[in-house]
Each structure stands twice: as structure tokens, then as C-alpha cells.
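Any read-out appearing in this document is the output of simple, stated calculations on the displayed coordinates, not a laboratory observation. Keep in mind that what you see is a predicted model, and the values were worked out from it rather than measured. Here the Cβ is made from the backbone with ideal geometry for all residues, glycine too, and neighbour counts use every protein chain on show.
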Amino acid sequence: MSRAEPNFDRLARIYGTLEYLSMRRALERVRYCFLPELVRAQRALVLGDGDGRFISRLLANNDSLHAVVVDSSTAMLERLRDRCAANVDRIQTMQADARTFVRAAEGSFDLVVTHFFLDCFSQDEVDAMVRSITERLETGGLWVISEFRIPSGAVGMFSWLLIRALYSAFGVLTGLETRRLPNHEVALRACGMVRRQQRFWWGGTLTAELWQKEE
């Protein structure tokens, strides 16, 4: 049985401010780092982009791209559409639970984007979503992932404490039930994805990854 979808509506207007106060521009740097690699994409599936800072930048950098944007929060999608007003004709926004949407989605994509999204789900849920998404990702298509991680060494304890605090805060604010980072790498490799690039910030606590579906 699927767990209840967390409610991010109350965070829509203040999410950017909260992010800046807690981490300054770190998460934005992570989200944007692979934008130059995405200029050839034509049809994107963007899951959980929140207030739309990434998709607005992606559309501005690629004037031939069309995107399907899925989020469970109506308020977040309203903010996203406002931010993407100059290119709103090239996005289709869907208010939906990603766990069920990806199973029913039609058509194919050559780009998938999940920024700080997969960590909202259990391992079983991530495994199922990855299987459904990769079935619709074209051969050679790209998947951009930004996530938190717990590196080895002395930084690992700091990372663990930070991630635990974030899960607790989002649990209170949104009802998010997840309390442990899933292993998306195992799920992607099992579905024929290959990691082409990976970058780290904050001693390895933040990562941006560029995956590709094998030929």
C-alpha cells in the first residue's frame, strides 16, 4: 500500500527563502551544474521541481525543449507557472502523485530531471518509479539527479546529522514519512542506466549526477 503523499503547499511561498537561509546558494549550484549538457533535449519529464527555479532556467537555455512537469503540490505548480511565464506554452503541468503518474504516463522522453526528489520516497517506491521512468526514457536519453548523501570519513557524521534534521523538519512541515535516503544508484543500474558524470559539494554531502540510458 502506498503511503500518503506529503503536502508541500504551505511551503510554496517561503521555500526559496528557507533554502537560502539554511544553505545559501548551494542547492541552486547543484541543480544548475549540468545545464550546458541539456541543450539538445527535446522532451523532458521533470518531477518535483518545486517553485520552478530549475525548469525556468532550463527552458531559457533550450528554446526547442517541451516539458511535462509533475508535482503533488498545487501551490508549488502555481509558483512554477508564474516563474515560467515567458515559456509557459512549452510546459504541461500535472498535479499528481509521481508514484502513480509515472506508471500511467504516455509517450517517451529524452530527458528526466529529479532534483532532491527521490529522497522523499522509500527504497521500494524508488525502485518502482525508476523502472517505470526508464521504460519511457529513450535510448541514449539523460537523467539528471541531485541528492543528499552521506560520505565516508569525518564529514559523514555531519552529513548524517544534517539529513536527519532535514527529514525531521520536513516531517513536521509537510507530513513526509521517509526518514532514510534510498539508494537510487542501485535502482538505475538495474534498469540499464550508466552514470556519465558526478560532482560533489559540501565534502560530498551534496551530489549532482548525469545518467544515460545505454545504447
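Here are the numbers for this structure:
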{"quantity": "Relative contact order of the chain, pairs being alpha-carbon contacts under 8 Å that are 6 or more residues apart, as %", "calculated": "22 percent"}
{"quantity": "Cα→Cβ-extended label distance, 7 Å offset, between R136 and R13, nm", "calculated": "3.3 nm"}
{"quantity": "Sequence-distant residues sharing a close amide H with M94 (under 5 Å, placed H)", "calculated": "V69, V70, D71"}
{"quantity": "Cα lying deepest toward the dipole's positive end in region 91-191, options A169, M129, A190, charges on Cβ", "calculated": "A169"}
{"quantity": "Alpha carbon centroid spacing (whole Å) that separates region 1-59 from region 91-153", "calculated": "13 Å"}
{"quantity": "In sequence order, calculated HN-Hα J values of region 199-210 (Karplus, 6.51, -1.76, 1.60; Hz; x Gly/Pro)", "calculated": "10, 10, 9, 6, x, x, 6, 10, 9, 10, 10, 10"}
{"quantity": "Per residue convex hull volume, Cα atoms of the chain, in Å³", "calculated": "115 Å³"}
{"quantity": "Simple spin-label estimate for D63 and F158 in nanometres, 7 Å along Cα-Cβ", "calculated": "4.4 nm"}
{"quantity": "Spin-label model distance (nm) - A96 vs N183, 7 Å beyond Cα toward Cβ", "calculated": "3.0 nm"}
